[in-house]
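For reference, the structure is listed below as structure tokens.
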Amino acid sequence: MSPALERVITALRDGDRWLITGHAHIDGDCLGSMLAVEWLLAKLGKKAFCVAPDELPRCLTFLPGADRLVKVDEIAEPFERVVVVDSELERTGPVYDLIKDKVIVNIDHHQSNVHGPGIRWVDPSAAATGELIFHLIEGMGFDPDEDCATCLYTALMSDTGGFRFSNTSADTLAIASRLVQQGASPAGIAEALYEERPFPYFILLGHVLSSISLDPSGRLAWSVLPGELIASQAIHPADLDGFVHYLRMIKGVEIAILFQGTLEGEVKVSLRSRKTVNVADLAAKLGGGGHPRAAGCTLSGSLDEIIPKVTALALSSL
Ligand code: 5GP
Ligand code: MN
């Protein structure tokens, strides 16, 4: 057992009342890991509740325990300690002010999470934070029940794109196998995550696909989703996942970028790469972060200002 994991275990045993949270723009790894930590703390006889920094994507509402999530402005329970999963502390958005002075346990796999206060266990070799949570649960002598296994399998499946991305390791698949033995349903979870989207999703996907730009080398592709267009559709921005993946599928493309506007004058930039470029390094130059093949950042400004700046930076890294 690594010293970092041992420190996390000691901290979990020592605290009694816990708040659990993760990053804004919450995804399956983040929420699945949060709910599995809540399960573990309950097993240890602790009081614990999960707080999501923002709106939950609808495709994650099937997760056992998602209905117990507490909104930031509805926290009624006292807490002394905090677990932040799958995120740098600052990416917890509106939760950050509530937790910054508490004892914080930070469990993450983002390479950009390089320093910070509290008890840290950051391992970028893990495909998903859910892998670390599985090792934590096992390290404390428990077997996940069906609900917890469903949360952790969802975490692994989300961050590996359904066990397709290059981060998928033998350990990822061995853990997935254990989780299926514990009751997680591969087909049921894949169905919930990937096989159903509301109709407006496809209107917006149509816009993304018909607005693709390709640089003359054919190695950089980007597209755009204006905030006004998103607002004109009956869909929450939290439910717009996966668009950038289509851009990366174009033959010859190494870097794919989706620029997603908001009505608040910000642009959410999603970066993906195929084989060689480390887009986490690229995102870090823009104040964001992520993983070598999937990263992002949020920038202030208009699409017209931001697109030339980011595409020039991306081209220089090819
Ligand atoms: P997505 O493009 O799906 O929103 O994000 C891709 C990856 O980059 C995810 O692992 C996500 O956590 C990370 N990411 C996205 N935006 C940011 C950001 O602003 N800061 C950091 N550190 N990571 C980000
Ligand atoms: Mn993750």
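Which members of region 1-43 meet the condition of being within 16 Å of ligand 2 (Cβ to nearest atom) and among the polar types (S, T, N, Q)? Please lay out each step first, then the result.
Step one: filter region 1-43 for residues within 16 Å of ligand 2 (Cβ to nearest atom), giving 20-37.
If the condition is that a residue be within 16 Å of ligand 2 (Cβ to nearest atom) and among the polar types (S, T, N, Q), then THR21, SER33 are the ones that fit.
For (1) assigned to a loop (DSSP other than H, G, I, E, B); (2) over 18 Å from the mean Cα position of the chain (by Cα), each residue gets a yes or a no:
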| site | (1), (2) |
| --- | --- |
| PHE49 | no, yes |
| ASP54 | yes, no |
| CYS59 | no, no |
| ASP67 | no, yes |
| PRO78 | yes, yes |
| VAL84 | no, no |
| SER87 | yes, no |
| GLU90 | no, no |
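Here region 202-241 is the region considered, the condition is being open to solvent by less than 40 Å² (accessible area, probe 1.4 Å) and under 24 Å from THR61 (Cα atoms), and the residue that is nearest to ligand 2 (Cβ to nearest atom) is ALA238.
Scanning region 121-139 finds no residues that are free of Cβ contacts under 8 Å to residues at least 12 places away in the same chain, more than 13 Å from ligand 2 (Cβ to nearest atom) and not acidic (Asp, Glu). For region 67-99, a tally of residues being touching a residue at least 12 places away in the same chain (Cβ under 8 Å) and either within 16 Å of ligand 1 (Cβ to nearest atom) or touching a Leu at 6+ places or on another chain (Cβ under 6 Å) (or both) returns 13. Where residues in region 153-201 are among the polar types (S, T, N, Q), within 18 Å of the chain's Cα centre (by Cα) and under 17 Å from PRO64 (Cβ atoms), which of them is least open to solvent (accessible area, probe 1.4 Å)? Ranking the candidates gives THR154 first.
Keeping to region 137-152, report how many residues are of a type outside the set (S, T, N, Q) and crowded, with 22+ Cβ neighbours inside 10 Å. Reasoning before the result, please.
Taking region 137-152 first, the residues of a type outside the set (S, T, N, Q) are 137-149, 151-152.
Remaining after also requiring crowded, with 22+ Cβ neighbours inside 10 Å: 144, 148-149, 151-152.
Total satisfying the criteria: 5.
Listed conditions (1) modelled with pLDDT under 95; (2) at positive phi; (3) not aliphatic (A, V, I, L, M) are all met by GLY45, apart from (1). Restricting attention to region 280-296, which residues are crowded, with 20+ Cβ neighbours inside 10 Å and under 19 Å from ALA24 (Cβ atoms)? Listed by number, the residues that qualify are ALA280, ALA283, GLY288, GLY289, GLY290, HIS291, ALA294, ALA295, GLY296.
Could you tell me whether any residue of region 155-162 is in contact with a helix residue (DSSP H, G or I) (Cβ under 8 Å, 6 or more places away or on another chain), without any contact (Cβ under 8 Å) to a residue 40 or more places away in the chain and within 16 Å of ligand 1 (Cβ to nearest atom)? So that I can check it myself, show each step before the final result.
So the first thing to find is which residues in region 155-162 are in contact with a helix residue (DSSP H, G or I) (Cβ under 8 Å, 6 or more places away or on another chain), and the list is 155-162.
Subset that is without any contact (Cβ under 8 Å) to a residue 40 or more places away in the chain: 160, 162.
Next, from what is left, pick out any that are within 16 Å of ligand 1 (Cβ to nearest atom): 160, 162.
Yes, that holds for at least one residue.
The values are calculated or read from the model by the stated rules, or taken from the named source; none is laboratory data. Since the model is a prediction, treat every value here as computed from it, not as a measurement. Heads up, the Cβs are rebuilt from the backbone with ideal geometry, glycines too, and the neighbour counts pull from every protein chain shown. Accessible surface is based on the protein model in full, side chains and every heavy atom, while ligands, DNA and RNA are left aside. Shrake-Rupley method; radii C 1.70, N 1.55, O 1.52, S 1.80 Å.
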